[in-house]
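Working notes, beginning with the structure itself.
The values are calculated or read from the model by the stated rules, or taken from the named source; none is laboratory data. Just so you know, these numbers come straight off a predicted model, no measurement behind them. All Cβ positions, even for glycine, are placed from backbone atoms using ideal geometry, and neighbour counts span all protein chains on display.
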Amino acid sequence: MLNVKDLNAYYGKSHILHGVNMTVGNGEIVSLLGRNGVGRSTTIKSVMGQVDCVGSIKFRERELCGSPAYTVARSGIGYVPENRDIFPGITVRQNLLLGMKGGAVNKRWSMDDMFDLFPQLRERADALAGVLSGGEQQMLTLCRTLMGDPDLVMIDEPTEGLAPKIVEQMAVLFEEIKKRGISILLVEQKLTIAMRISSRVYVMGHGQIVFEGTPTQLTNNESIRKEWLEVTG
Amino acid sequence: MEFFLVTALNSLSYGLLLFMLSSGLTLIFSMMGVLNFAHASFYMLGAYAAYQVGLFTGFWPALFIAPILVGAIGAFVERYGLRTVHKFGHVAELLFTFGLAYVIEEVVHLIWGRAPVDYRVPGSLDFTIFTIFTTQYPAYRAFMMIISISMLISLYLILTRTRIGLIVQASLTHPEMVEALGHNVPRVFMFVFAGGAALAGLAGVLGGNLFITEPGMAFAVGTIIFVVVVFGGMGSLPGAFVASLLIGAIQTFSVALDYSFLNLLQSVGLEIYKDSTFYGLASITLSQLAPVLPYLLLVLMLIFRPSGLMGKRET
C-alpha cells in the first residue's frame with residue numbers, strides 16, 4: 001500500500017535520511033522504532049510532503065514524493081503529529097469538523113464513533129480545544145485525523161507523556177482502527193504498545209533502517225536492541 | 001452638545017472605514033506574517049475603479065463591481081507575485097509589496113493623471129438624512145456606516161460560523177496542520193488576500209468620493225492604517241477594531257478643536273507673556289497638532305506596550 005524507496009531528506013544542508021526503504025501493507029500495523037533524533041519523524045514528514053524529499057514514495061502505485069501536503073492527505077494518508085497540533089481557538093467539535101475534507105463523505109467514522117471511543121471528548125465537545133488536558137488533546141488530534149477517513153494513519157509518538165490509563169485507551173483505539181481495515185504506521189520510542197499491536201517493526205538508526213522483522217524477532221535480537229533502542233548508561 | 005454629537009458620528013463613520021481597511025491588513029498579516037505595504041493601494045484602486053465603472057454604469061453597480069475587480073487583482077497579486085516571492089522569506093515579501101505600492105501609484109498616474117478625478121457622492125444619496133439641532137447630517141455618511149457595519153457583521157459571521165472561516169482561523173496559527181488534514185492552504189491564503197483587497201477596494205469606493213480621489217490617497221491613508229494595525233496589536237482583529245475607532249475619533253475630534261496649552265493655562269488664571277520664548281509653543285492649537293497625533297500615539301505605544309492593545313506576538 002505504502003512503498004517508500006531510497007528516501008533521502010535534508011534540513012537545509014544537513015542530510016537527515018540516507019536512503020530509507022520501508023513498506024506498509026493493507027490493514028497492517030507497522031511500527032517505526034528508534035531513539036530520538038534518528039529520523040523517524042522526518043521520515044513520516046517526508047511522506048506527508050512537509051519535508052522536501054528525494055527518492056520515491058508510492059501510495060497505491062501513485063508517486064507522492066514532491067506533492068504538497070494537502071494532495072498527500074487527499075490521496076488517503078492521515079497524519080497525527082507529535083506536538084498535538086490542535087486548533088486551540090475553536091471548539092472540540094469544530095476541530096473534528098475541520099478533520100473532514102471538503103466534499104468527501106466519511107464512510108468509516110462518524111462523530112458519534114469518536115465520542116463513544118472517548119467519552120471525555122463528548123463532555124467537552126463545545127469547549128475550546130485549548131483548555132483540554134494533554135491526553136485529551138492527543139485523543140482529539142487522533143480523532144480529527146480519522147474524521148478525514150484515511151486508509152493509512154501515520155501516528156508520531158502518541159503515548160509520549162500520557163498517563164497509563166490514557167495509553168490503554170489509545171491501544172483500544174488502535175485495535176478499533178485495525179478492525180475497520182485501516183493501516184497504521186506508528187512511530188514510537190517506547191516498545192510496550194508497539195510490540196503488542198504491530199505485525200512488523202522497523203528500527204531506525206542514523207537516518208537508515210537498521211532492522212526489519214516481527215516483534216518476536218526483535219525481542220530475540222539482543223544486539224539490535226542494545227545498539228539502537230535501549231538507553232545505555 | 002451639537003458639536004459633540006456630529007463629531008462623534010463623523011468619527012464613527014471614519015473609524016469604521018479605517019477598520020474596513022485594517023481588518024484585511026490584519027488578516028493578511030496574521031496568515032502570511034507579512035505586512036502588506038500595498039494594502040492602501042487597493043483602497044486607491046477601489047476608488048478609481050468605482051469612478052471609472054461609474055462613468056458607464058452609475059454609482060450603484062460600481063459599488064459592487066469595483067470591489068470585485070480589486071479582489072481579483074488581489075488574487076492575481078498573491079498567486080503570481082507573493083507566492084513566488086514567499087520562498088525567499090519575509091524580507092523579500094515586504095520589499096515586493098513595497099515595490100508594488102509604487103507600481104500601482106505609477107499606473108494610476110499613467111491612466112488617470114496626477115490631478116484628482118471627479119468622483120462624487122451619487123445624487124441619490126446627496127441629501128440630508130436628519131438634522132441634529134442645527135446641523136444637517138448628510139445621507140451619504142449614514143449610508144457609509146450602514147455598509148461598514150454590515151460588512152463587519154458578515155466578516156464576523158463568515159469567520160466564526162462557516163467552514164471556510166474555521167479553516168481560515170485554524171490556518172492563522174497552524175497552517176501546516178491544516179494542510180496535512182487535506183485543505184488546500186495556499187488557495188485559502190489566496191482567498192484571504194483577495195478578500196482583504198476587496199474590502200480595501202470597498203473602502204475606496206465609499207471613501208473616494210467623500211474625501212478626494214487622487215494618486216496621493218494611498219500614501220495618506222496607508223500610514224494611518226499602519227498606525228491602526230500596530231496600535232491595535234499586530235494580527236488582532238478586535239485590536240484593529242478598537243484602534244480604528246480610537247484613531248478615527250482622535251483625528252476627527254482634534255481637527256475640530258481650537259484649544260491650545262495657552263487656553264488651558266488661561267483657564268486656571270495663568271498667563272504667558274507674548275514675548276516669552278514659550279509663547280509660540282504654547283499657542284499651538286490641538287487642530288494644528290492633529291496630523292501628528294496618530295504617530296505620536298504610535299511612538300508612545302511602541303515604547304510602553306510594543307505588542308499593541310491586544311496583540312499577542314511581538315513583531
Scan region A:33-57 for residues that are at pLDDT 90 or above, under 21 Å from B:His183 (Cα atoms) and either out of contact with any strand residue (DSSP E or B) (no Cβ under 8 Å at 6 or more places or on another chain) or among the charged types (D, E, K, R) (or both) and jot them down. A:Lys45, A:Gly49, A:Gln50
Residues of region A:87-129 being β-branched (Val, Ile, Thr) and within 18 Å of B:Thr173 (Cα to Cα), in sequence order, are A:Ile90, A:Thr91, A:Val92
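Rundown of residues vs (1) of a type in the set (S, T, N, Q); (2) out of contact with any Gly (no Cβ under 7 Å at 6 or more places or on another chain), yes/no style:
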site	(1), (2)
B:His39	no, no
B:Gly46	no, no
B:Gln52	yes, yes
B:Thr57	yes, yes
B:His90	no, no
B:Val107	no, yes
B:Thr135	yes, yes
B:Ala142	no, yes
Please work out if B:Ala50 is of a type in the set (A, V, I, L, M, F, W, C), buried (at least 24 other Cβ atoms within 10 Å of the Cβ) and either touching a Ser or Thr at 6+ places or on another chain (Cβ under 6 Å) or free of Cβ contacts under 8 Å to residues at least 24 places away in the same chain (or both). no
Under 23 Å from B:Arg163 (Cβ atoms), in a helix (DSSP H, G or I), within 14 Å of chain B (Cβ to nearest Cβ) and not acidic (Asp, Glu): is that true of A:Leu140 in this structure? yes
Being among the hydrophobic types (A, V, I, L, M, F, W, C) and crowded, with 24+ Cβ neighbours inside 10 Å narrows A:Leu146, A:Leu117 down to just A:Leu146
In region A:51-82, how many are assigned to a helix (DSSP H, G or I), more than 7 Å from chain B (Cβ to nearest Cβ) and within 16 Å of the chain's Cα centre (by Cα)? 1
Residue list for region B:173-218, restricted to those being surrounded by 23 or more Cβ atoms within 10 Å (Cβ to Cβ), touching a residue at least 60 places away in the same chain (Cβ under 8 Å) and facing chain A (nearest Cβ under 10 Å): none
Which condition does A:Leu162 not pass, out of (1) closer than 30 Å to A:Lys58 by Cβ; (2) in contact with a Gly (Cβ under 7 Å, 6 or more places away or on another chain), if it passes all the others? (1)
Please determine, by comparing only the residues of region B:144-168 that are within 14 Å of chain A (Cβ to nearest Cβ) and in contact with a Leu (Cβ under 6 Å, 6 or more places away or on another chain), which one is farthest from B:Ser124 (Cα to Cα). B:Leu166
Just the residues that are modelled with pLDDT under 80 and either closer than 21 Å to B:Val221 by Cα or among the polar types (S, T, N, Q) (or both), please, taken from region B:277-314. B:Thr277
Of all residues in region B:290-315, how many are in contact (Cβ under 8 Å) with a residue 24 or more places away in the chain and either touching a strand residue (DSSP E or B) at 6+ places or on another chain (Cβ under 9 Å) or β-branched (Val, Ile, Thr) (or both)? 1
Using the structure shown, decide if B:Asn263 is of a type outside the set (Val, Ile, Thr), in a helix (DSSP H, G or I) and crowded, with 21+ Cβ neighbours inside 10 Å. no
Taking region A:83-121 only, how many residues are farther than 20 Å from A:Pro158 by Cβ, of a type in the set (Lys, Arg) and away from every other protein chain (no Cβ under 14 Å)? 1
Residues B:Ser276, B:Ser260: which one is over 23 Å from the mean Cα position of the chain (by Cα) and farther than 21 Å from B:Thr7 by Cβ? B:Ser276
Subset of region B:285-310, residues under 14 Å from B:Ala256 (Cα atoms) and over 20 Å from the mean Cα position of the chain (by Cα), comes to B:Thr285, B:Leu286, B:Ser287, B:Gln288, B:Leu289
Filter region B:1-15 for residues that are more than 20 Å from B:Tyr119 (Cβ to Cβ) and under 14 Å from the mean Cα position of the chain (by Cα); which is surrounded by the most Cβ atoms within 10 Å (Cβ to Cβ)? B:Gly15
Quick check on region B:55-90: of everything there that is in contact with a Pro (Cβ under 8 Å, 6 or more places away or on another chain) and part of a helix (DSSP H, G or I), which residue is nearest to B:Val103 (Cα to Cα)? B:Arg83
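So that you can scan it fast, the table gives a plain yes or no per residue for (1) touching a Gly at 6+ places or on another chain (Cβ under 8 Å); (2) hydrophobic (A, V, I, L, M, F, W, C):
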position: B:Phe231; (1), (2): yes, yes
position: B:Gln251; (1), (2): no, no
position: B:Leu264; (1), (2): no, yes
position: B:Leu270; (1), (2): no, yes
position: B:Thr277; (1), (2): no, no
Sort out for me the helices (runs of 4 or more DSSP H) sitting completely within region A:148-227 that have 1 or more residues that are over 15 Å from the mean Cα position of the chain (by Cα), closer than 26 Å to A:Glu136 by Cβ and not aromatic (Phe, Trp, Tyr). A:164-179, A:192-197
